[in-house]
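What follows is a single structure, written as structure tokens, with notes after it.
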Amino acid sequence: MTREILVIGGAGYVGSHAVEALRAEGYVPVVLDNLSGGYREAVGKAELIVGDMGDAALLDMLFSRRQFAGVLHFASLIDVAASQKDPARYYSNNVAATLVLLESMRKHGVAHLVFSSSAAVYGEPEHSPVTEDAARKPVSVYGQTKCMVEDMLAAHHKAYGLHYTSLRYFNAAGAHPNGSIGECHPEETHLIPLVLQAASGRRRSVSVFGNQYPTEDGTCIRDYVHVCDLAAAHVKALESLWNGSASRCYNLGTGKGYSVLEVIRTAERVTGKTIKTDMEKRRDGDPAVLVADGSLAREKLGWVPAYPELETMLQHAWAWESRMAESIRSREVV
Ligand SMILES: NC(=O)c1ccc[n+]([C@@H]2O[C@H](COP(=O)([O-])OP(=O)(O)OC[C@H]3O[C@@H](n4cnc5c(N)ncnc54)[C@H](O)[C@@H]3O)[C@@H](O)[C@H]2O)c1
């Protein structure tokens, strides 16, 4: 029997790779996305329903007409700086709309959910690598929204028997090796796409925020995870919930960190281009080092990253960026 999975936010960066991973494993993904940060083209041949996770009538209609075996929840506003400037929008979209989803799932007896959480729940952790039992001390509204949803999930598990997994990603990176999908945010804030856009000529330079951190080269260190490995973790998490695994949170990271300057140097090697940098002041709430202890996900979910090397992530992301830059150039010529 084919199993239909509802993928909310499946037209976005990580969600579209999960749609591919589900299809590759024989599941039938059905995408619900309001296209605020995603693209119709990103879902490929999967069914796309354009709508909002906070629309109770739409969710009730969907859950009453279809038999979903589970829900993958990627739908979120993701810009940390914007969450500080307009917190109400973030609480409304990321938290209140998730509560609408949980209510509808409960009403219709849909009991399995995998949620995209974030390393942002840890804020500035005292120890590295970070384990799941480290204190949650978010320093942004974005991070708070992830903690609030995690708390709602735990309460729904206890009170109503929801089975859930919360996956705390560190930094998603790369693109699908087949070149069909990749990272494409309307307002890009992530380092790797910005660096590669500087390499392709889509932007003049890339900003480096702070070079006086207590790290070897003075720039921040982050743990990058290939987006296809994140996608694969969702499939494993859902399957292990079906098999009776406990509801809980897992870190998703490789356990190896790279500094901002290491990312830029590796990108120069991969692309063969010189990347211009602008040194800027450090930003509030940027921890010096953010690296995951991902051993729990390996042990409990059997999750082993297939593409743990930064160089591979950059090669895949560069193939995608080259395609994007070329398509923009060809439209300008016409
Ligand atoms: N990209 C990363 O490095 C990273 C790191 C940690 C956590 N995350 C989390 O992973 C998830 C996916 O991130 P991403 O980088 O793919 O972001 P994205 O913006 O590319 O994808 C999010 C998708 O959700 C959709 N969406 C947002 N609000 C919605 C709503 N109310 N109803 C329906 N659709 C809605 C957007 O249109 C978009 O397609 C997010 O929850 C994000 O917080 C991402």
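Here is a check on your reading of the model: is ASP217 assigned to a strand (DSSP E or B), touching a residue at least 40 places away in the same chain (Cβ under 8 Å) and not assigned by TED's automatic domain parsing to the domain that holds HIS157? Criteria not met by ASP217. Out of (1) within 13 Å of the ligand (Cβ to nearest atom); (2) part of a helix (DSSP H, G or I); (3) modelled with pLDDT of 95 or more; (4) surrounded by 15 or more Cβ atoms within 10 Å (Cβ to Cβ), what's the single condition that is false for LEU32? Here LEU32 clears every test but (2). For region 103-124, filtered to residues that are in contact (Cβ under 8 Å) with a residue 12 or more places away in the chain and more than 20 Å from the chain's Cα centre (by Cα), the residue that is nearest to the ligand (Cβ to nearest atom) is SER104.
For region 75-94, the condition holds for no residue, the condition being that it is in a helix (DSSP H, G or I), within 10 Å of the ligand (Cβ to nearest atom), over 29 Å from ASP229 (Cβ atoms) and in contact with a helix residue (DSSP H, G or I) (Cβ under 6 Å, 6 or more places away or on another chain). Applying the condition of being at pLDDT 95 or above, assigned to a loop (DSSP other than H, G, I, E, B) and within 16 Å of the ligand (Cβ to nearest atom) to region 151-182 and asking which residue is nearest to LEU252 (Cα to Cα) yields PHE170. If you go through region 248-304 and keep only what is buried (at least 21 other Cβ atoms within 10 Å of the Cβ) and part of a loop (DSSP other than H, G, I, E, B), you end up with GLY253, THR254, VAL291, GLY294, TRP303.
Among the residues of region 1-29, just one is among the aromatic types (Phe, Trp, Tyr) and either within 13 Å of the chain's Cα centre (by Cα) or not in a loop (DSSP other than H, G, I, E, B) (or both), namely TYR13. Tell me yes or no: at least one residue of region 210-217 is of a type outside the set (Gly, Ala, Ser), more than 16 Å from the ligand (Cβ to nearest atom) and crowded, with 19+ Cβ neighbours inside 10 Å. Yes; the residues of region 210-217 include at least one that is of a type outside the set (Gly, Ala, Ser), more than 16 Å from the ligand (Cβ to nearest atom) and crowded, with 19+ Cβ neighbours inside 10 Å.
Working carefully through the options GLY174, GLY179, GLY161, find the one that is under 24 Å from ALA233 (Cα atoms), in contact (Cβ under 8 Å) with a residue 24 or more places away in the chain and touching a strand residue (DSSP E or B) at 6+ places or on another chain (Cβ under 8 Å).
GLY174
Each residue in region 220-241 was checked for being away from the ligand (no atom under 15 Å from the Cβ), farther than 30 Å from ARG265 by Cβ and touching a residue at least 60 places away in the same chain (Cβ under 8 Å), and 5 pass.
The values are calculated or read from the model by the stated rules, or taken from the named source; none is laboratory data. Please read all numbers here as calculations on a predicted model, not as lab measurements. For neighbour counting, all protein chains shown are included, and Cβ atoms are generated from backbone atoms with ideal geometry for every residue, glycine included.
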